[in-house]
Amino acid sequence: MSTELPEPPSKIDLKPGVGGGGEIPSFDITLRVRRYLPEATADAYWEDFKLTMYGTDRVLDALHKVKWEQDGTLSFRRSCAHGVCGSDAMRINGRNRLACKTLLKDLDTTKPITVEAIKGLPLEKDLIVDMEPFFQSYREIMPFLISKGHEPTKERYQSAEDREIFDDTTKCILCAACTSSCPVFWTDGQYFGPAAIVNAHRFIFDSRDDAGDMRLEILNDKEGVWRCRTTFNCTEACPRGIQVTKAIAEVKQAILARTV
Amino acid sequence: MSKTSSGTLYRGHEGMWSWVGHRVTGVVIFLYLLVHVLDTAMVRVDAGAYDAIISTYQTPWMALGETGLVAAILFHAFNGLRLILVDFWKQGTKYQRQMLWGVLILWVIVFAGFAIRHLSIAFGGH
Amino acid sequence: MQVHKYDVVIVGAGGAGMRAAIESGQRARTAVLTKLYPTRSHTGAAQGGMCAALANVEEDNWEWHTFDTIKGGDYLVDQDAAEVMAKEAIDAVLDLEKMGLPFNRTPEGKIDQRRFGGHTRDHGKAAVRRACYAADRTGHMILQTLYQNCVKHNVEFYNEYYVLDLLMVEEDAYREDGTAYKQKRVAGVVSYDLATGELHVFQAKSVIFASGGAGKVFKTTSNAHTLTGDGMSIAFRSGLPLEDMEFFQFHPTGLAGLGILLTEGARGEGAILRNSDGERFMERYAPTIKDLAPRDIVARAMANEVREGRGCGPNKDYVLLDLTHLEPEHIESKLPDITEFARTYLGVEPFTDPVPVYPTAHYAMGGVPTNINTEVLQDNDTVIPGLFAAGEVACVSVHGSNRLGTNSLLDINVFGKRAGVAAAEYSKTADFVELPQNPEAFVTAQIEGVLSGNGTERVSDLRSTLQETMDANVQVFRDERSLKEARDVIEDLRIRYKNISIQDKGKRFNLDLLEAIELGFLLDLAEVITVAALHRKESRGGHYREDFPDRDDENFMKHSMSYRDADAVTEDIKGIRMETKPVVFTRYQPMERKY
Amino acid sequence: MSVSIPAPRSQRIDPKYKRGPKSRGSFEMLAWLFMRLSGVVLVILIFGHLFSNLMVGEGISGIGFGFVAGKWASPLWQFWDLAMLWLAMLHGTNGVRTIINDYAEKHATRAWLKGILYVATIFIIVLGSLVIFTFDPCVAGSTLPQC
Ligand SMILES: Cc1cc2nc3c(=O)[nH]c(=O)nc-3n(C[C@H](O)[C@H](O)[C@H](O)COP(=O)(O)OP(=O)(O)OC[C@H]3O[C@@H](n4cnc5c(N)ncnc54)[C@H](O)[C@@H]3O)c2cc1C
Ligand code: HEM
Ligand code: SF4
Ligand code: F3S
Ligand code: FES
């Protein structure tokens, strides 16, 4: 419950120039996109686009500009445009990012900005990959609350501390930036992958859930948590700032604790 | 998967490169270990033969190789300890990067100590 | 082309669609068709909360909630629907909790609640804590929780299937008084598989539309790129009316220039609005609840400040949302995401600096008319058997002329559930309606038309012209001149739309093609919105006519119903017929709306 | 009425990603745990080994048949080297097994590579153990005084 705050003053003096603003600088960039048009060519190739962009533009804006003004065949997924839907994970300058959350001004605009599809999932077209294997792994860890016993008539109680334990992993938007940055996942695609483990973690550590054991058993598989080699690519790629490797470590500990 | 999906190399951070290093050093050490057990087994066959083989280790070129091997073992060992901390220490994942720098510093110091002593023996001769 | 047969087909996998799917999937063979992966739906962007009179932290009851909803909607709310929603809100929240939604908790471990605009205790006495929330990610948690439960119940999803047409047949029928009319019946939908470019016809006994909003009619919007009003437009093209389309909500606090939303929950937690003089100007517009007044009032106040020269920034075109007097830990725990948005997208640190904000197009109050059982109406009271709608696409009307914050997440849960149950029950009693000959013919022609078009117009040019026009003329302030201008531009765009060409002619993931089709939907809706706005010569809720600044209950206390009708002319636009529908009153008579 | 196709494309999983049957037991967990436990022990064993062989006395130049014989005269060093042999071999073998699992995608390739690996491992461990246990300072060519 939030505490009662004193009324803020009716009038304050604003600092000069408050709220940013001023002229938005513009600059030229080269966007180097890895194209793949399965109906036209057998292989992927790089294509450069020259664009004039503004200081507040994101990589997604640059892609839109290409699609809307230069080449309508350029294909990519996107929806919310502010980093909450998970549609547009891609490899930007060699690292997994959300295009809508990566500001151009934060990249080195003197060099071409490379954009390519995320790695390790079947490529469909340009920046679009087949997400089904990814979601399949997610579905396999039973990502839903399972509780035994009587349903309470009102809500189940949960202390704020218990709620806090799994807070981090509830933030996942299933963008696949983590799983497709994992060197182990790239190898044969059999590894459950960090995203599935993150979502298992979300339930394993939820005090209201009773099926943690089953999920631990699933992840104790040869393709489960033990394949993680703690390379931290996932943690660094996660656009929601989830401590993915930490969550994986906690799941490993939980499996150990339950057997030993 | 089709070859079309390959593109640039993934630009991982420290964590990924340390893993590459750990993996490569692990394999190198393993291969060396196979050979090392075989050559040591010569002590069971013939003392002269063993000495002959060992003397090849004492040539400057082998000494350099030996130094490289020790470098690999030192890195693998220190980084291995870091990985163990990442896995078992609560704050491990938070400080993994700092620990990697620690590993590298320790590695440089210990390796320098070793290299000076070892190479001076190997090249210094009797 | 392939044909699939299901008892129930749900169009859209946002909050409303998946809530329906959970119910219907357990009762009947159900398929969910969605143009996005379910977890990409825009419900996930909702931040602030979902209201229910749980009374977990303060005295509260569902009647107060009903009153607030009705008053917030400026009395254009159907009061029976509002009662249903406020009453069922409590179970809706508890259902979600039982499904696993991780709400924030009170120290006793109950679901925590916070303040939100327009929600008051005892008919307007003071702001009340009614919004249940999970930090500022309530929508994210709802969407994830619902998807998780769909996985649990093995709901069949068809992801990246764009529904482009609704299949209906008409039968002769007679009313009780003996008059003849055409009764529509639903047969199924036609969808386009993005991955392969193939058409799939889904034959179904029941169809639920849950395809969300239409924010992309405007340029500055909190809505996703994919919210192009497909469902509303498809219904309209199929001869169904659209209700109350002139009412579009502009959310006060969008990041200036970008439209990305900063939840009203921020003001619920104590943030306030200031103009360039540093003045807390809402004290002048709504002395009692100030910054927590309903959205239409706050948005208008902000626009007014800017108009009168008290805006901030180099162009004096925005005001400031001030959180600096709040404790950083408090902000971090209650509003982590929106502070990150301010940092990422504007480079402003909300702990120390106020954030530039301006109203952003947010929510369509209008939509496909339904009754409280979510059955779609083909006119004021004739139900179309088997056709249901819920969520932002529908207009039950619980939001009237202005939706209260948190009532939409509630709407999608309450009416989504009702739709799921009703559709499944209906499918048990009904037979399949025979598909028309060549059911896909219309869509095939539409696609062929776009693919073979070799005109000179670019889809993106038309779209941005449309969006800019709507922003300039049909936004917070409207008058006859601006609306007529918008109308003329839209007419012109309609002509130019016939002359488009696209570059991608392929079958796989042809988003170029779909953007063209979506533009067609947007043009339809922009036209309906503008005509309906011209037609309503009063100001009420989200619709503010400067030339008619007062509410006019005498002439306009009724819903507007827009029909597509080739022979009609309304406000000089051919093809649209405007009718009205009475508002349902149960217990609250219209009063002046003061806060 | 046209055909109805129950499984549309959007629910098809690329066969490459289909997981085989679930593995039973906790072998992978034990292997993981073993890597860490053996790692800690190996640090001591290997550092001790390297130190005594390469650092003290004459270092590498001092190593010869006599040096080995001298060392293995002590049961401590015998045990030390035996433990090191076993742990390092098992640790390394398991490590290489992981690597094979990662990069050899075809089932047959995997089986072959792992087969070779295990044979080599068993051979080396057996050989090494025999050498340590049956070490005879007076083998042919020995110039040690006690022979
Ligand atoms: C930024 C933001 C914040 C908000 N915050 C709040 C809040 O705090 N509280 C509150 O109560 N409300 C809030 N709202 C409003 C509320 O989130 C939405 O009104 C509500 O989520 C709409 O849900 P829906 O299920 O109707 O549609 P959506 O969630 O938009 O889902 C639409 C679905 O339909 C599918 N679809 C669309 N067209 C087609 C087609 N042609 N074929 C197939 N599928 C299609 C899409 O794929 C998607 O799955 C907010 C809205 C926004 C934009
Ligand atoms: C000196 C002490 C050693 C320590 C502390 C150590 C530690 C570790 C640890 C913790 C791992 C697991 C890494 C992971 O799961 O990601 C590992 C892997 C490995 N180790 Fe060692 N190790 C040591 C010595 C050796 C030796 C002597 C060999 C060779 C015989 C070796 C070969 C390997 C191999 C091949 C791997 C697998 C690498 C991979 O999967 O990427 N290690 N080591
Ligand atoms: S854990 Fe992070 S990177 Fe992975 S899917 Fe979830 S949000 Fe994306
Ligand atoms: S990238 Fe992969 S190896 Fe582990 S730490 Fe992350 S899952
Ligand atoms: S478009 Fe939604 S996350 Fe980027």
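The values are calculated or read from the model by the stated rules, or taken from the named source; none is laboratory data. Everything numeric in this text was worked out from a predicted model, so none of it was measured. A quick note on method: Cβ atoms are made from the backbone with ideal geometry, for glycine too, and the neighbour counts reach across all protein chains shown. Quick note on the areas: whole protein, heavy atoms, side chains included, nothing else; ligands and nucleic acids left out. Shrake-Rupley method; radii C 1.70, N 1.55, O 1.52, S 1.80 Å.
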query: GNM on chain B, C-alpha springs below 10 Å: top fluctuator among B:Arg11, B:Arg97, B:Arg82?
result: B:Arg11
Across chain A: Cys residues that no other cysteine approaches within a C-beta distance under 4.7 Å: A:Cys100, A:Cys172, A:Cys175, A:Cys182, A:Cys228, A:Cys238
- prompt: Whose amide H sits under 5 Å from the amide H of C:Val583, counting only residues 5 or more places off or on another chain, with H placed in the peptide plane?
  reply: C:His559
- prompt: Would you list C:Tyr181, C:Tyr37 from the most to the least accessible area, probe 1.4 Å?
  reply: C:Tyr181, C:Tyr37
- request: Compute the distribution of all C-alpha to C-alpha distances in chain A, in bins of 5 Å from 0, and list the percent of pairs in each, rounded to whole numbers.
  value: 1, 5, 11, 14, 14, 12, 11, 10, 8, 7, 5, 2, 0, 0
query: Under a GNM of chain B (C-alpha, springs under 10 Å), which listed residue has the highest mean-square fluctuation: B:Ala77, B:Ala63, B:Ala52?
result: B:Ala52
query: B:Val20 versus C:Glu59, label points 7 Å from Cα toward the beta carbon: distance in nm?
result: 6.8 nm
- prompt: Which of the peptides D:89-102, C:72-85 is most tightly packed, and how do the rest follow, judged by the mean count of other Cβ atoms within 10 Å per residue?
  reply: C:72-85, D:89-102
message: Under 10 Å, Cα contacts only: if you run a Gaussian network model on chain A, which one of A:Pro122, A:Pro239, A:Pro152 comes out with the highest mean-square fluctuation?
response: A:Pro152
task: Could you please state, rounded to a whole Å, how far the C-alpha centre of the range C:342-397 is from the C-alpha centre of the range B:56-126?
output: 62 Å
- prompt: In whole Å, what are the Cα extents of the range C:420-574 along the three principal axes, biggest one first?
  reply: 51, 51, 30
message: Below 16 Å, Cα to Cα, which lysines can C:Lys219 reach? Residues fewer than 8 away in the same chain don't count.
response: A:Lys65
- request: Rounded to the nearest Å, what's the spacing between the alpha carbon centres of the range C:519-556 and the range C:464-486? Just the number, please.
  value: 11 Å
- request: Set the Förster radius R0 to 51 Å, insert the Cβ-Cβ distance between C:Gln437 and A:Asp43 as r into 1/(1 + (r/R0)^6), and round the FRET efficiency to 0.05.
  value: 0.70
message: Defining a contact as two alpha carbons under 8 Å apart and six or more residues distant in sequence, what relative contact order in percent does the range C:353-447 show?
response: 25 percent
task: Check every DSSP H run in chain A and write down those whose alpha carbon atoms cover 18 angstrom or more along the long axis and whose mean Kyte-Doolittle hydropathy is -0.5 or greater.
output: A:244-259
- prompt: How large is ³J(HN,Hα), in whole Hz, for each residue of the range C:187-193 in order, when computed from phi with the Karplus curve 6.51 cos²θ - 1.76 cosθ + 1.60 and θ = phi - 60°, using x for Gly and Pro?
  reply: 10, x, 9, 10, 10, 10, 7
- line: Counting only DSSP beta bridges fully inside chain C, the antiparallel percentage to nearest 5 is 70 percent
message: Stokes-Einstein diffusion coefficient for the protein assembly as shown at 10 °C in a medium of 1.306 mPa s, Rh from the Kirkwood formula over Cα pairs: what value in µm²/s?
response: 49 µm²/s
message: Quick check: at a probe of 1.4 Å, how many percent of the accessible area of the range D:28-134 sits on carbon and sulfur atoms?
response: 80 percent
- prompt: If you line up the long axis of helix C:441-452 against the longest principal axis of chain C, both from Cα atoms, how many degrees apart are they, to the nearest 10?
  reply: 70 degrees
Karplus-derived HN-Hα couplings along the range C:371-378 (A = 6.51, B = -1.76, C = 1.60, θ = phi - 60°), whole Hz, x at Gly and Pro: 8, 5, 8, 6, 6, 6, 9, 8
task: Mind putting together the pair-distance distribution for the range D:16-106? All Cα pairs, 10 Å bins, whole percent per bin, short to long.
output: 14, 33, 25, 16, 9, 4
query: So which aspartates and glutamates pass the test for A:Lys105, namely a Cα distance under 15 Å, with those fewer than 8 places away in the same chain ruled out?
result: A:Glu23, A:Asp28, A:Asp57, A:Asp61
query: Rounded to the nearest 10 Å², what accessible area does C:Ser333 show when all protein chains are kept and the probe is 1.4 Å?
result: 60 Å²
- line: Applied in sequence order to the range D:108-121, the curve 6.51 cos²θ - 1.76 cosθ + 1.60 (Karplus, θ = phi - 60°) yields integer Hz couplings, x standing for Gly and Pro, of 5, 4, 3, 4, 4, 4, 5, x, 4, 4, 5, 4, 4, 4
- prompt: Could you work out the helix-only [θ] at 222 nm for chain C, with each DSSP H run of four or more residues adding -39,500 (n - 2.57) and the total divided by the number of residues, to the nearest 500 deg cm²/dmol?
  reply: -10500 deg cm²/dmol
- prompt: Of A:Lys15, C:Lys110, which has the most accessible area with a 1.4 Å probe, and how do the rest follow in descending order?
  reply: A:Lys15, C:Lys110
- request: Go through C:Lys35/C:Lys205; B:Lys90/D:Lys106; A:Lys171/C:Lys125; A:Lys11/C:Lys594; A:Lys101/C:Lys537 and tell me which ones have a Cα-Cα distance over 32 Å in this structure.
  value: B:Lys90/D:Lys106; A:Lys171/C:Lys125; A:Lys101/C:Lys537
- prompt: Residues of the range C:540-577 with amide nitrogen under 18 Å from the 7 Å Cα-to-Cβ point of C:Asp379?
  reply: C:559-569, C:576-577
- request: Estimate the FRET efficiency between D:Lys106 and A:Arg258 by the formula 1/(1 + (r/R0)^6), using the beta-carbon distance for r and 41 Å for R0, to the nearest 0.05.
  value: 0.75
- prompt: So, in nm, how far is label B:Phe123 from label A:Glu161 when the simple model puts each one 7 Å beyond its Cα toward the Cβ?
  reply: 6.2 nm
query: Amide H to amide H under 5 Å from C:Gln503: which residues, 5+ apart in sequence or cross-chain, H placed 1.01 Å off N in plane?
result: A:Gly72
query: Counting alpha carbon pairs within less than 8 Å and at least 6 residues apart, what relative contact order, in whole percent, applies to the range C:141-229?
result: 18 percent
field: Computed label-point distance, nm, for sites D:Thr143 and C:Asn499 using a 7 Å Cα→Cβ extension
entry: 10.3 nm
message: What whole-number distance in Å separates the alpha-carbon centres of the range D:86-147 and the range C:1-45?
response: 58 Å
message: Taking the alpha-carbon distance from A:Lys15 and a cut-off under 18 Å, which lysines remain once sequence neighbours fewer than 8 residues away in the same chain are dropped?
response: C:Lys316
Relative contact order computed over the range A:32-114 (Cα-Cα under 8 Å; 6+ residues apart), in percent: 29 percent
